[in-house]
2 protein chains.
Amino acid sequence: MHAMAHATSGGKRLRGFLVMEGAALHDVPAERAIWPATAIEALHAYSLVHDDLPCMDDDAMRRGQPTVHVKWDEATAVLAGDALQALAFELATHPDCGPPAVRAELALTLAQASGARGMVMGQALDIAAETAATPLTLEQITALQAGKTGALIEWAASAGARLAGEDPGQLREYAAALGLAFQIADDILDVEGDANKAGKRLQKDEQAGKATFVSLLGLEGARARADELVVAACEALECYGPRADPLRAAARFAISRES
Amino acid sequence: MHAMAHATSGGKRLRGFLVMEGAALHDVPAERAIWPATAIEALHAYSLVHDDLPCMDDDAMRRGQPTVHVKWDEATAVLAGDALQALAFELATHPDCGPPAVRAELALTLAQASGARGMVMGQALDIAAETAATPLTLEQITALQAGKTGALIEWAASAGARLAGEDPGQLREYAAALGLAFQIADDILDVEGDANKAGKRLQKDEQAGKATFVSLLGLEGARARADELVVAACEALECYGPRADPLRAAARFAISRES
């Protein structure tokens, strides 16, 4: 668990970690996997820089540092995010990723997962939820999460299989459960966490009167649901045997982290 | 000229037009070329939506319509731009573009042209120029333009050759001259144009005290330079013979447009 905590530094580099571990399971060398791993981290970083903007979540702290628009200015934050998104596609199609079919597939699936039917849609639903007349239902929050964080976590967990030209079937099932557990843990952290350890502002959802997994399921109910999902995530990896233990540890870590 | 004006509607769909015409020159069917053509239009549209934001150029009108943040709000404009960038990479890697090697190459070169060493860098330099203590030199403005508009025009003109798996050598030379002529024409339009016909606010650069090709070369000097560049652009297409006439017309149109 210590190695896992070190590898991902809280939830911060979870996506890149999933790419590297998924690749190892499919015997893809790290020299190839590092390209999609850095691609997904660049894409995730762009989403954070834009989400923190005053017109979005308006956050001043991230990862224990001033956010980009606070440290520099809003124009720089918009442009830095834009450039990071382009960088993600540059990395995902780097010649060292593998054969052209793999590179084209990585870029196409990354675009689908991050665009108007994936992450951006999730973020738009999240913003809409803040001004909604009635709080979202559990079903609606689950759909929102599937876009906002789920699509990229699924892409990250599937990338290793894609690098090997194989079907990411079981890894996708693992990722779907992990992604949802991760978001429930985020909601718990927002209520219970220590802002210093988390490196960002907390209690935001409650202040905004937003429905969350915690407000809908209660704290104990949310914890129980996250636990169930981690069990399901680990079971999805059965076919890989003990080689998948780092991914199992990542799933357990996702719900025990403090940041 | 009427057909050209219709095809591009002012400068608005120039980039997609360049892809389609470049593809025709290389005997690539329109059913394949339409994917990178729509990709570059999506990418260009994202850049306009973000450039119009209050923290960037702060424009209320574009193409004769209210800009996205005026019609909706800033968060929607940030997200719409983000989704359009992802859409550009989804379109550029669409399976119907051609073989995987072509799709991977289109996405990689599009990422390079639009990112921190291409369009985004040009936009950052442009913003920096507004608060610069001394106005930019001709050399600096040319470098800024090469990033801001040149890189994507070059990508568009080269895409047809790339679709055919051929070297875009002459098309790149054409595009470099065209891109610079286009930007000089933009600066002339900013001084002389009719805001109604242009569908956007004009006289912005003068108000901001920014150096432009017009302020550095004078109106007549800028016109003469644009004319020279159009001649150079047309000459670069010599090897293609009369089949390249639509691209020659596009170059002439770029400096005679009113929007």
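The numbers here are math on the coordinates, done by the rules we state, and not lab data. Keep in mind that what you see is a predicted model, and the values were worked out from it rather than measured. For neighbour counting, all protein chains shown are included, and Cβ atoms are generated from backbone atoms with ideal geometry for every residue, glycine included.
Couple of notes before you dig in:
- In a simple Cβ point-charge model (Lys, Arg +1; Asp, Glu -1; nothing else charged), the range A:145-224 has a dipole of about 260 debye relative to its Cα centre.
- Of the trypsin sites (Lys or Arg not before Pro) in the range B:104-185, not one is in a loop by DSSP (not H, G, I, E or B) with at most 11 other beta carbons within 10 Å.
- Relative frequency of Cα-Cα separations exceeding 30 Å in the protein assembly as shown, percent: 51 percent
- Among A:Ala226, A:Ala92, A:Ala80, the largest mean-square fluctuation in a Gaussian network model of chain A, built with springs joining Cα atoms closer than 10 Å, belongs to A:Ala80.
- Relative contact order %, the range B:1-160, counting alpha carbon pairs below 8 Å whose residues are six or more apart: 28 percent
- Theoretical FRET efficiency, 1/(1+(r/R0)^6), r = Cβ-Cβ of A:Glu228 and B:Ala208, R0 56 Å, to 0.05: 0.45
- Annotation for the range B:20-107: trypsin sites (Lys or Arg not before Pro) lying in DSSP loop with at most 16 further Cβ atoms inside 10 Å of their Cβ are B:Arg63.
- Under the criterion of Cα pairs below 8 Å and six or more residues apart, the relative contact order for the range B:102-203 equals 25 percent.
- Across the identical copies, the 7 Å label point of A:Lys204, projected outward along Cα→Cβ, sits 3.0 nm from its counterparts, in ascending order.
- Electrostatic tally near A:Ala250: other residues with Cβ closer than 11 Å to its Cβ, Lys and Arg +1, Asp and Glu -1, net +3.
- Comparing A:Pro99, A:Gly122, A:Ala111 along the charge dipole axis of chain A, the residue lying farthest to the positive side is A:Pro99, per the Cβ-charge model.
- Inter-site label distance for B:Glu139 and A:Gln65 at 7 Å from Cα along Cβ, in nm: 3.3 nm
- Mean residue ellipticity (222 nm) of the protein assembly as shown, computed from DSSP H runs ≥ 4 via -39,500 (n - 2.57), nearest 500: -21500 deg cm²/dmol
- Highest-fluctuation residue, A:Ala161, A:Ala45, A:Ala116 considered, GNM on chain A with Cα pairs under 10 Å: A:Ala116
- Gaussian network model of chain A, springs between alpha carbon atoms under 10 Å - residue of A:Gln65, A:Gln123, A:Gln112 with greatest fluctuation: A:Gln65
- The range B:75-128 and the range B:186-238: distance between their alpha carbon centers, rounded to Å: 26 Å
- Relative contact order for the range A:131-256, counting Cα pairs under 8 Å that sit 6 or more residues apart, in percent: 30 percent
- Inter-chain Cβ neighbour count for A:123-133, averaged per residue, equals 2 (cutoff 10 Å, partner chain atoms only).
- If R0 equals 41 Å, the separation of the Cβ atoms of B:Ala195 and A:Ala101 corresponds to a calculated FRET efficiency of about 0.25.
- Long-range amide H partners of A:Met61 with built H, under 5 Å: A:Thr67, A:Arg201
- Counting Cβ atoms of other protein chains within 10 Å of each Cβ in B:109-119 and taking the mean gives 5.
- About the Cα centre, charge dipole magnitude for the range A:13-254 (Lys/Arg +1, Asp/Glu -1 at Cβ), debye: 280 debye
- Summed residue charge, Cβ within 10 Å of A:Leu171's Cβ, Lys/Arg positive, Asp/Glu negative: -3
- Taking other residues whose beta carbon is less than 11 angstrom from the beta carbon of A:Glu105, and scoring Lys, Arg as +1 and Asp, Glu as -1, yields +3.
- Cα extents for the range B:109-259 along the principal axes, largest to smallest and rounded to whole angstrom: 46, 31, 27.
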